[in-house]
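Taken together, the values in this text are just the output of simple stated rules run on the coordinates, not laboratory data. Computed from a predicted structure; not experimentally measured. Cβ coordinates were reconstructed from backbone atoms using ideal geometry, including for glycine residues, and neighbour counts include every protein chain displayed.
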Amino acid sequence: MPNDTRLVYSTDPKLNQKCPKCKEVLSECTCVAEADPKTTKFIAVLRMEKQGRGGKTVTVIDRLPKNELYLKNLTTLLKKKCGAGGTYLMDGRDGVIEIQGDKRDLIRSILTAEKISHKG
């Protein structure tokens with residue numbers, strides 16, 4: 001099938017399968033495949049940001065695998081251990097976790113305990 005056409009109707013069940021994320025037909029799906037954190041090798045980068053946040057300090061963990069379940073679980077663990085709020089983002093090509101406050105030392109020890117290589 002050429003790329004400039006769109007499937008309108010088909011009785012073939014293989015062509016009618018839909019992507020669970022974007023609900024498009026699989027042949028037209030534009031979702032990016034999530035990286036498996038156990039098989040991909042990565043080094044998390046820690047940094048502290050203050051600019052553009054109204055003077056508030058935020059600890060940022062960057063270059064994590066872009067896997068939503070992994071980021072959600074790691075964010076929950078870090079928020080509980082640090083006793084602070086935070087969020088995860090899947091912008092760009094990497095996953096990012098933001099924890100409120102300057103918690104770099106505590107986050108380093110947690111990442112070491114979880115056997116996640118890190119720098120910064």
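Highest mean packing comes first when the peptides 95-105, 16-26, 78-88 are listed by Cβ atoms within 10 Å, giving 95-105, 78-88, 16-26.
Of all lysines in the structure, the ones whose alpha carbon falls short of 20 Å from that of Lys72, not counting any fewer than 8 places away in one chain, are Lys21, Lys38, Lys41, Lys80, Lys81, Lys103, Lys115.
As a test of the formula, what do you get for the chain when each DSSP H run with n ≥ 4 contributes -39,500 (n - 2.57) and the sum is divided by the residue count, at 222 nm and rounded to the nearest 500 deg cm²/dmol?
Helix contribution divided over all residues of the chain: -6500 deg cm²/dmol.
Amide H to amide H, with H built 1.01 Å from N, Gly101 comes under 5 Å of Thr57, Val58, Thr59, counting only residues 5 or more places away or on other chains.
Given +1 at the Cβ of Lys and Arg, -1 at the Cβ of Asp and Glu and no other charges, the dipole of the chain around its Cα centre is 560 debye to the nearest 20. Across the stretch 100-106, computed HN-Hα scalar couplings (Karplus, 6.51 cos²θ - 1.76 cosθ + 1.60, θ = phi - 60°) run 5, x, 8, 10, 4, 5, 5 Hz from first to last residue, x flagging Gly and Pro.
A cut-off of 5 Å between modelled amide H atoms, ignoring neighbours fewer than 5 places along the same chain, links Ala84 with no other residue.
A cut-off of 5 Å between modelled amide H atoms, ignoring neighbours fewer than 5 places along the same chain, links Gly95 with Arg63, Leu64, Lys66. Taken one residue at a time, the phi angles of the stretch 115-120 give Karplus couplings (6.51, -1.76, 1.60, θ = phi - 60°) of 6, 9, 5, 8, 8, x Hz. Gly and Pro are set to x. The alpha-carbon atoms of the chain define a convex hull whose volume equals 155 cubic angstrom per residue. Computed from phi, the 3J(HN,Hα) profile of the stretch 62-68 under the Karplus parametrisation 6.51, -1.76, 1.60 (θ = phi - 60°) reads 10, 6, 8, x, 8, 10, 4 Hz, with x in place of Gly and Pro.
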